[in-house]
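Take a look at the structure below.
The values are calculated or read from the model by the stated rules, or taken from the named source; none is laboratory data. As the structure is a computational prediction, the values presented were derived from the model and not from experiment. Reconstructed Cβ throughout: ideal geometry from the backbone, glycine too, with neighbour counts over all protein chains shown. Surface accessibility is based on the protein's heavy atoms, side chains included, excluding ligands, DNA and RNA. Shrake-Rupley method; radii C 1.70, N 1.55, O 1.52, S 1.80 Å.
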Amino acid sequence: MATASGVVTTVAGPGKVGSVLRRSSPSRSSSASWSSAGLYRVRPRGPAYSGSPRVVLRRSPRCEVKADLEEKSAAAASISALEQFKISADRYMKERSSIAVIGLSVHTAPVEMREKLAVPEAQWPRAIGELCSLNHIEEAAVLSTCNRMEIYVVALSWNRGIREVMEWMTKTSGIPVSELRQHLFVLRDSDATRHLFEVSAGLDSLVLGEGQILAQVKQVVRIGQGSGGLGKNIDRMFKDAITAGKRVRSETNIASGAVSVSSAAVELALMKLPKSHSTSARMLVIGAGKMGKLVIKHLAAKGCKMVVVVNRSVERVDAIREELKDIEIIYRPFSEMLSSAAEADVIFTSTASETPLFLKEHVEALPPVGYEVGSIRLFVDISVPRNVGSCAANLEHARVYNVDDLKEVVEANKEDRLRKAMEAQSIITQELKRFEAWRDSLETVPTIKKLRSYADRIRVSELEKCFQKIGDDALTKKMRKAIEDLSSGIVNKLLHGPLQHLRCDGTDSRTLDETLENMHALNRMFSLDTEKAILEQKIKAKVEKTQS
């Protein structure tokens, strides 16, 4: 696997194959440092972040409030807040805006914690809006599934941005920061991007190569674009992640034999049943969404001939019945859920309910199942939040399994899974280089624009002097056009060399460090102050948004 320059630390985790925690090159993240304070666990792989005091936007304490000057006072307060940030501009300018991911997954946190942090898809836009309103967050996206809850951001300040996101997570979930830190992973820049590409490709899934996560990554883009929070960096990163995911699936055999969470749930249920009755057991599926449909599909593939489906509406069940002809599907409304459960040996739950459908008293009231299926009723709960209360797991004649228990199914064929993952890594590395070349090219765009603008102002000024000396009477339209073309040609030829040395798109051998040195030199020579101007523009936008 290719690695970025800088300190490289090899790490191991159950969900990552050959993954490393890399520190970005000094030129890109000169203020980054991985502390040994142990504030976070990176896929239980070691510390990754050290916080610092939060910067709070404040109005000037010196503003004199007068009844007839309220508007002027508000304007003065806005200017004062901006000035407070400018005082710290040198510190901020040492950092490039960082792409970061902070979150937890099935590899780092139990389902009890994941369900508290889960953000329903309908609430993604609200979450993105709240994250983008934080002082040091420019862009944001939320990826929340049954196996993970990850927040991707572009942070104006790395330390402060991560701290603010953590505070937001604590506020929305009610989980104390001290408890969150034990399960969170935090990745920055190329590490964060590689992680997303691996997620999209199914390399970070509980079941290697599962396809549902790619559709969920696509949904992040659709919802994020509608909310306006993605921004150009995260939008491009997610789109490139989708490309990487598609390439991995089409160019490797990672999906061959790979199963989804729903498929693994079916495998687990059949493993727990006596072999002689594994396909004849009475099956009940609660919920006819994507996950429920896949459960029915995999039951049919395993030889089950009949399944009862409980759902709020019959339309979805009818659609599944039309598509799957090899299995008899019986519809029951939600009002008959408990009576249907009483007649089932195995119950799969996959609804979006935020409260449990089955509590201990519900399960206790169900009649016993036959000895031919082991005298134990199985609940396979693949929902997050869970549909079956944890208290029901302690009953004598019932067994409750959730998404964390699927690990038992997917532990097989480890060597084959590792080989397929390594094949996929070369594709991910290619797509990662392409994304980073695009992002690197953004570094010099403001300097290019400002240098061109600077040269053009001089050209226009000198042209006006020339035309005044010649006089309008002596100038024909053709002569004026020829002189303007001459001045443009001279400027373009003079700028060609400097602008060529600002290219950073991966098409030549010039390194990012060399390009940035050229950019800083041009900024000094022509007093362009590009970086400071961009920073002030970002800060001003944040101040105005906070005060609006």
* Candidate set from the stretch 125-147 (those that are open to solvent by less than 10 Å² (accessible area, probe 1.4 Å) and under 14 Å from L196 (Cβ atoms)); member that is farthest from the chain's Cα centre (by Cα) -> A140
* Do we find that S227 is among the hydroxyl-bearing types (S, T, Y), modelled with pLDDT under 90 and within 28 Å of K290 (Cβ to Cβ) in this structure? -> yes
* Asked: Among the numbered criteria (1) part of a loop (DSSP other than H, G, I, E, B); (2) buried (at least 17 other Cβ atoms within 10 Å of the Cβ), which single criterion is violated by R247?
  -> (1)
* Asked: If we scan the stretch 191-200, do we find a residue that is farther than 19 Å from H107 by Cβ, part of a helix (DSSP H, G or I) and touching a helix residue (DSSP H, G or I) at 6+ places or on another chain (Cβ under 7 Å)?
  -> no
* To do: Say whether the condition of being in a loop (DSSP other than H, G, I, E, B), open to solvent by less than 10 Å² (accessible area, probe 1.4 Å), in contact with a Lys or Arg (Cβ under 6 Å, 6 or more places away or on another chain) and at pLDDT below 90 is met by at least one residue in the stretch 252-268.
  => yes
* To do: Mind counting the residues in the stretch 358-378 that are of a type in the set (V, I, T) and open to solvent by 50 Å² or more (accessible area, probe 1.4 Å)?
  => 0
* Structure fact -> When D381 is run through (1) open to solvent by 60 Å² or more (accessible area, probe 1.4 Å); (2) in contact with a helix residue (DSSP H, G or I) (Cβ under 8 Å, 6 or more places away or on another chain); (3) of a type in the set (D, E), the failure sits at (1)
* Structure fact -> In the stretch 199-235, anything among the charged types (D, E, K, R) and open to solvent by less than 10 Å² (accessible area, probe 1.4 Å) is listed as D204
* To do: Please specify each residue of the stretch 159-172 satisfying the condition of being open to solvent by less than 10 Å² (accessible area, probe 1.4 Å) and either under 12 Å from V186 (Cβ atoms) or not in a helix (DSSP H, G or I) (or both).
  => G161, I162, V165, M166, M169
* Selected residue (criterion: nearest to the chain's Cα centre (by Cα)) from residues of the stretch 462-495 that are surrounded by fewer than 10 Cβ atoms within 10 Å (Cβ to Cβ) and of a type in the set (S, T, N, Q) -> Q468
* Structure fact -> The one condition S353 fails out of (1) open to solvent by 10 Å² or more (accessible area, probe 1.4 Å); (2) part of a helix (DSSP H, G or I); (3) closer than 18 Å to D381 by Cα is (2)
